[in-house]
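The values are calculated or read from the model by the stated rules, or taken from the named source; none is laboratory data. A quick note: this is a predicted structure, and the numbers were derived from the prediction, not measured. When we count neighbours, we look across all protein chains shown, and the Cβ atoms used for this are built from the backbone with ideal geometry, even at glycine. Just the protein is used for accessible areas: all its heavy atoms, side chains included, with ligands, DNA and RNA removed. Shrake-Rupley method; radii C 1.70, N 1.55, O 1.52, S 1.80 Å.
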Amino acid sequence: MLYFDHCASTPPYAEVADTFAEVMKAHYANPSSIHRAGVEADKLITRSRSVLAEQFGVKPEEWLFTSGGTESNNLAVKGAARQFRSRGNHLITTQIEHSSVNDAFRQLEQEGFRVTYLPVSSTGHVDLKQLKASITDETILISIMHVNNEVGSIQPIEKIGRLLSEYPRILFHVDAVQSIGKLPVKLKEWRIDLLSGSAHKLRGPKGVGYLYVREGLQLQPLQSGGSQERGMRAGTQNVPGIVASAKALRMSMQAEEKNRSRMYALRERLLRQVADIPQLVLNGSEDAAVMAPHIVHFSYPGMKPEVIVHMMEEQGAIISTKSACSSKDNKPSKVLLAMGAAPERAAGGIRISFGDEHTEQDIDKLVVMLSKTVAQLKPLERSKS
């Protein structure tokens, strides 16, 4: 099978899987225990923090380990809002965030916070002027994703960080789950206070997330019961997962520049060939400068995307519809609706996301399968009309 669903999850590096198994067998002690076995397990976690710190140019103690991107996002958003509520009750995000961010803000609204959901352009990008106009004296947190997990639009995080340098009391959270290992991420230069990542999005194990918390910040914990992770994330640490995830991050980031160039070339090849299939309408932009290298999103207006997904699977290719977290509902994509797409277009989206293992030949095979699928669906179009 050709696997084109890297946004949902990625195939782990063989070395990472081996590391996970080795650590699980050899270091099973609780890292909070004071005996030698516990101390050795804790040393592995400390070393893993150093690996993350080296890749991003920050301090090891600025990294927390969580259970995944969803927990990292929830801890960053809710933890910051609740911790700094004495400063104000206004929060800013966008209309196209991942559900783990969007739903966190909805919950905070029920607690009395006021939230501004910024609109986006037809290509899925926020407007800096609108962002600045939304800031008030009560604003305490802004959360904007780096790369949209559905259509692949890149938000101007560097410019937003530069803007927020004028507002030192406002915290800046970035969901970088889809950008780490794919695009440069510069924590200090971009004035980022909080940043979320997920290991299984960059060829690491599931069940491990990263959360950068700038030195000096304290977040209100989501759960109590222990002093792990600087007192912000109670619970026994997943030692084999943490060690394997640090290795995956290091491998992904060291190969990022080379892989980014390759994937942009594959994206261009895919767009060029799919242009010959008029039924498939591109969502986002053809401009590589504002789109992620590994995500291409089309719509087949009026056609159920799950039909396309299953037909492609029968031919030997795995693709997806929208975010895996919301792919089982039948509602039109909230991301595409926010981008101004008509309901039938928003309900007919398919997402293709690839990785460093893919080749030009894989793209060519994928396009042949898409062409065959669309040809088989054309009679259904006529019968509907």
Pick out the one residue from R250, R233, R272 that is modelled with pLDDT of 95 or more and out of contact with any helix residue (DSSP H, G or I) (no Cβ under 8 Å at 6 or more places or on another chain). R272
Just one of the numbered conditions (1) modelled with pLDDT of 95 or more; (2) assigned to a loop (DSSP other than H, G, I, E, B); (3) among the hydroxyl-bearing types (S, T, Y) is not true of S245; which one? (2)
Can you tell which of K182, K188, K201, K206 is touching a residue at least 24 places away in the same chain (Cβ under 8 Å) and in contact with an Asp or Glu (Cβ under 8 Å, 6 or more places away or on another chain)? K182
Mind telling me which of the residues M303, M253 ends up being open to solvent by 40 Å² or more (accessible area, probe 1.4 Å) and either in a helix (DSSP H, G or I) or under 21 Å from F4 (Cβ atoms) (or both)? M253
Pick from the stretch 19-39, criterion among the β-branched types (V, I, T) and touching a helix residue (DSSP H, G or I) at 6+ places or on another chain (Cβ under 9 Å), ranking: nearest to R250 (Cα to Cα): T19
If you take the residues of the stretch 139-177 that are among the polar types (S, T, N, Q) and in contact with a Gly (Cβ under 8 Å, 6 or more places away or on another chain), which of them is nearest to R214 (Cα to Cα)? T139
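Conditions tested, residue by residue: (1) open to solvent by less than 60 Å² (accessible area, probe 1.4 Å); (2) farther than 19 Å from S143 by Cα; (3) part of a loop (DSSP other than H, G, I, E, B).
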site: P11; (1), (2), (3): yes, yes, yes
site: A37; (1), (2), (3): yes, yes, no
site: I45; (1), (2), (3): yes, yes, no
site: S48; (1), (2), (3): yes, yes, no
site: N73; (1), (2), (3): yes, no, no
site: A80; (1), (2), (3): yes, no, no
site: S86; (1), (2), (3): no, no, no
Would you pick out the residues in the stretch 91-127 that are open to solvent by 60 Å² or more (accessible area, probe 1.4 Å) and part of a helix (DSSP H, G or I)? D103, R106, Q107, E109, Q110
